[in-house]
Amino acid sequence: MPLLRIRTEIDDRPGRLALLTAALAARGANILGLSVQVDTRGVVDEFIVAAPPGGPGPEGLRAALEEAGGTRTAVVPARPHELVDEPTRALALVARLRAEPHALPEVLAELLRADEAGWATAPAAGDEEPDVLVVAAGQRRAVRLRRGGLPFTATEAARADALVRAALPHPSPPPGSRTVTLRDGTRVLVRPVARGDADAVRAMHERCSLDSRRMRYFSAKPYLSRRSFELFCDPAHGLTLVAEGPDGSVLALAHLIHVLDPGVAELAFLVEDAWQGRGLGRALAGLLLGLGRERGLVELRATALGENVRMRRLLASLGGRARRTGEPGVVEVRMRLDGRSAAPGAVGPDPGGALAG
């Protein structure tokens, strides 16, 4: 029976994957492999199937998946050697790359099953095409990959970046705290939250206006509950940063919160009113994007009130793409971490302001 690699995109809702597998089973296709990947528009499901002799064929399977709710479906031939354990395959490629660093283009091509791979010095015209991926390999070098028929997903871009960082020399890890300079020259210390910050964090919330707290929490809660603060201190929940002013007071909170989707985290901020509009929100956002890449995340998401123009414009300037949610007056902004620009439909440019939520 011929082997086929099938990739289709579905809405991130319960039961969607079951519809796809049922559609394949109804056509006699035997699923031998399945992976779930994240992309900006939704979830991408990839199957390796054995198609039945005399069955519907690639076009028939594509039509069946589209009828079951899949979109942008692609069906290409697969080979038996692709039916291997993916973590084992990736670790073997890391070992090869450590022994042969010059073979990076070939190793990345094998990791992502690309048709073409070669060294590049900078992004070139056409690199924003879905079948082209440019992977940074140090300050001035990159690898340009092309794969016809199967556009690269954000998950694949993160896998390629993680392989490069695992196998090639990398700068020393960033310190636990760092200093950022705001537009007016003020230096602010940013560090992970500590349990001893509870009183300072509560005081910061009390100094914030009702509107700032509402933009962050969608309600004007006067302060952060003890339980919520304990969650922010728990590494299993995610990462929370605090910004300290010159006098040692807490000026802002910034979060990367774990969610159920693989490779995804939620981003959120609260900046004290007196420190908004000075570049602190932008500095915190930049730090969180960098930390997300270091942690191997594929995408960051932020949920905001539609009226929170500062939040939406800031995230749009960082490549965010807004989409509606099922809740009236609430939007979700998604940011890929593979360096690609936002897809069409992103919210407008940022005027340079900080944000409250």
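The values are calculated or read from the model by the stated rules, or taken from the named source; none is laboratory data. No experiment lies behind these values; they were computed from the predicted model shown. Every residue, glycine among them, receives a Cβ derived from its backbone with ideal geometry; neighbour counts consider all protein chains shown. What goes into the accessible areas is simple: the full protein's heavy atoms, side chains included, and nothing from ligands, DNA or RNA. Shrake-Rupley method; radii C 1.70, N 1.55, O 1.52, S 1.80 Å.
Below, the figures for the structure above:
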quantity: Residue within the stretch 148-167 that is more than 24 Å from the chain's Cα centre (by Cα), modelled with pLDDT of 85 or more and of a type outside the set (Phe, Trp, Tyr) present; calculated: no
quantity: Top-ranked residue in the stretch 1-23 [being touching a Leu at 6+ places or on another chain (Cβ under 9 Å) and touching a residue at least 60 places away in the same chain (Cβ under 8 Å); ranked as surrounded by the most Cβ atoms within 10 Å (Cβ to Cβ)]; calculated: ILE6
quantity: Extreme residue, farthest from GLY33 (Cα to Cα), among residues of the stretch 86-109 that are open to solvent by 30 Å² or more (accessible area, probe 1.4 Å) and touching a strand residue (DSSP E or B) at 6+ places or on another chain (Cβ under 9 Å); calculated: GLU106
quantity: Residue count for the stretch 299-317, restricted to those that are in contact (Cβ under 8 Å) with a residue 12 or more places away in the chain, out of contact with any Leu (no Cβ under 6 Å at 6 or more places or on another chain) and of a type outside the set (D, E, K, R); calculated: 8
quantity: Of the criteria (1) open to solvent by less than 70 Å² (accessible area, probe 1.4 Å); (2) over 26 Å from ARG13 (Cα atoms); (3) out of contact with any helix residue (DSSP H, G or I) (no Cβ under 8 Å at 6 or more places or on another chain), which one GLY42 fails; calculated: (2)
quantity: Hits in the stretch 198-232 - residues which are of a type in the set (Phe, Trp, Tyr) and either open to solvent by 20 Å² or more (accessible area, probe 1.4 Å) or not in a helix (DSSP H, G or I) (or both); calculated: TYR217, PHE218, TYR223, PHE232
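Residue-wise test of (1) over 17 Å from the mean Cα position of the chain (by Cα); (2) not in a loop (DSSP other than H, G, I, E, B).
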| residue | (1), (2) |
| --- | --- |
| LEU239 | no, yes |
| PRO246 | yes, no |
| LEU253 | yes, yes |
| LEU256 | no, yes |
| LEU267 | no, yes |
| ARG278 | yes, no |
| ARG282 | yes, yes |
